[in-house]
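Below is one structure, written out as structure tokens; the observations come after it.
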Amino acid sequence: MAQNILLLGTRKGLVTYRKNGSGQWNYDRTDFLGIPVTIATIDENTGYWWALLDHGHWGCKLHRSKDGREWEELEAPKYPDGEEIKEGKPAATKLLWAFSNGGKDRPGTIYIGTEPGGLFKSTDNGDSFELMRGLWDQPSRKGQWFGGGRDNPGIHSILVDPADSDHIYIAISCAGTFETFDGGETWAPRNKGLRADFLPDPSSEIGQDPHLVEWCAADTKVMWQQNHCGIYRSDDAGANWTDISEENGPANFGFAVAASETDPDVAWVVPGISDVTRVAVDQSLCVCRTDDGGKTWKAFRNGLPQGSAFDITYRHALDVTGDTLAFGTTTGNLYLSNDKGENWETISSNLPMVHSVEFH
């Protein structure tokens, strides 16, 4: 199916682009002007548009639309009274950080991942939510989960198996990746082979810091992870991970990773300088692609700024459909490639900070 809509969640609203008949992407409209939009997406099962807002003064907001033009506000997921992040620290929704619809056999089911680490589920298209107790009560949560770039642990990745709606992965910064086979009643960590240099035991299965976890839609056993300590790949559905970072090359630290929908050996990252600095490597923006499952990487720079770039790309701000990729940056640039990332054009250099990018 042709992807003709490009949704951008930005620090100053939801920005929509549409592709015209000649293949050009044109600015369409802005919704929620001035309000940070963490995620903007469309439920592929129902066609509803969703906007997850992080209003600085009024807190987290959730909006739904049938057409992307008329919006209604819903009650955002809320932690039950008495829930605690840790002993004596009450749990409250600080950020709506991830969204996924349920399987095709469950229209109206949606999942929202939050800071401080709770996963919420709705079976009535967002009219009500319940905290998924199986994950919230996971034995490692109170003692071993912690905040990375934010004060508390947060769920940023949700993957629902297209072949089994009860089979779900989530990823948490900082805790790691977890898997359920029973619709969320029980969860198990899937972090073997990862490295967390900031922990007393870098190989600890709990406390890893994935930045984003993705998979190949055509072969969901092949998973990719942009991690705080490198790039990782799994060929066995997350049971084991292998470091595929580029030695002496830019493909290493970053936030976003995009996986080919059809080829399990192809993925892209937008690298940066690690930890505190967090700008483009050598102040030169590039996109790295592997065509052989991470054995080698190629860096593509044509059309991207070199020598004077301060950009970095957040975890949800890179997307791919077919041979077309788009990514947004912290300095308000939007770039697009129609040839698997080898050549780029600037769609806009006047946007707010970009939090998320999605084709629909």
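The values are calculated or read from the model by the stated rules, or taken from the named source; none is laboratory data. Note that the structure is predicted; figures quoted are calculated from it, not measured. Backbone-built Cβ (ideal geometry, glycine too); neighbour counts: all protein chains shown.
Scanning the stretch 1-20 for residues that are among the charged types (D, E, K, R) and assigned to a strand (DSSP E or B), which turns out surrounded by the fewest Cβ atoms within 10 Å (Cβ to Cβ)? Checking each candidate, the answer is 18. Answer with yes or no whether residue 337 is at pLDDT below 95 and either surrounded by fewer than 16 Cβ atoms within 10 Å (Cβ to Cβ) or not acidic (Asp, Glu) (or both). No. The condition of being in contact with a Cys (Cβ under 9 Å, 6 or more places away or on another chain) and farther than 17 Å from residue 133 by Cα holds for only one of 67, 54, that being 54. Taken together, 284, 274 contain a single residue that is surrounded by 13 or more Cβ atoms within 10 Å (Cβ to Cβ), within 22 Å of the chain's Cα centre (by Cα) and among the polar types (S, T, N, Q), which is 274.
For the stretch 237-257, a residue qualifies if it is among the polar types (S, T, N, Q) and at pLDDT 95 or above, and the qualifying residues are 240, 242, 245, 252.
For the stretch 32-48, residues that are of a type outside the set (D, E, K, R) and not in a strand (DSSP E or B) total 9. One residue stands out in the stretch 49-70 among those that are assigned to a loop (DSSP other than H, G, I, E, B) and acidic (Asp, Glu): the one that is nearest to the chain's Cα centre (by Cα), namely 67.
Residue 199 passes every criterion in (1) farther than 21 Å from residue 154 by Cβ; (2) without any contact (Cβ under 8 Å) to a residue 12 or more places away in the chain apart from (1).
Of the residues making up the stretch 305-332, just one is more than 20 Å from residue 266 (Cα to Cα) and either in contact with a Cys (Cβ under 8 Å, 6 or more places away or on another chain) or among the acidic types (Asp, Glu) (or both), namely 311.
Scan the stretch 207-230 and tell me whether some residue there is in contact (Cβ under 8 Å) with a residue 24 or more places away in the chain, of a type in the set (A, V, I, L, M, F, W, C) and over 30 Å from residue 301 (Cα atoms). There is no residue in the stretch 207-230 that is in contact (Cβ under 8 Å) with a residue 24 or more places away in the chain, of a type in the set (A, V, I, L, M, F, W, C) and over 30 Å from residue 301 (Cα atoms). When we screen 238, 293, 249 for residues that are among the small types (Gly, Ala, Ser), part of a loop (DSSP other than H, G, I, E, B) and crowded, with 20+ Cβ neighbours inside 10 Å, the only hit is 238. Exactly one residue out of 280, 299 is touching a residue at least 24 places away in the same chain (Cβ under 8 Å) and in contact with a Pro (Cβ under 6 Å, 6 or more places away or on another chain), and it is 299. A single member of 199, 212 is out of contact with any strand residue (DSSP E or B) (no Cβ under 7 Å at 6 or more places or on another chain) and closer than 24 Å to residue 145 by Cβ, and it is 199. One residue stands out among those in the stretch 71-91 that are closer than 16 Å to residue 130 by Cα and within 24 Å of the chain's Cα centre (by Cα): the one that is surrounded by the most Cβ atoms within 10 Å (Cβ to Cβ), which is 77. Residues of the stretch 274-290 that are in contact with a Ser or Thr (Cβ under 9 Å, 6 or more places away or on another chain) and either aromatic (Phe, Trp, Tyr) or not in a loop (DSSP other than H, G, I, E, B) (or both): 283, 287, 290.
Go through the stretch 148-194 and report how many residues are farther than 19 Å from residue 132 by Cα and at pLDDT 95 or above.
Selection size over the stretch 148-194: 6.
Surrounded by fewer than 16 Cβ atoms within 10 Å (Cβ to Cβ), in contact with a Ser or Thr (Cβ under 9 Å, 6 or more places away or on another chain) and at positive phi, is that true of residue 23? It is false that residue 23 is surrounded by fewer than 16 Cβ atoms within 10 Å (Cβ to Cβ), in contact with a Ser or Thr (Cβ under 9 Å, 6 or more places away or on another chain) and at positive phi.
Rundown of residues vs (1) among the acidic types (Asp, Glu); (2) over 21 Å from the mean Cα position of the chain (by Cα), yes/no style:
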| position | (1), (2) |
| --- | --- |
| 254 | no, no |
| 258 | no, no |
| 263 | yes, no |
| 270 | no, no |
| 290 | no, no |
| 301 | no, yes |
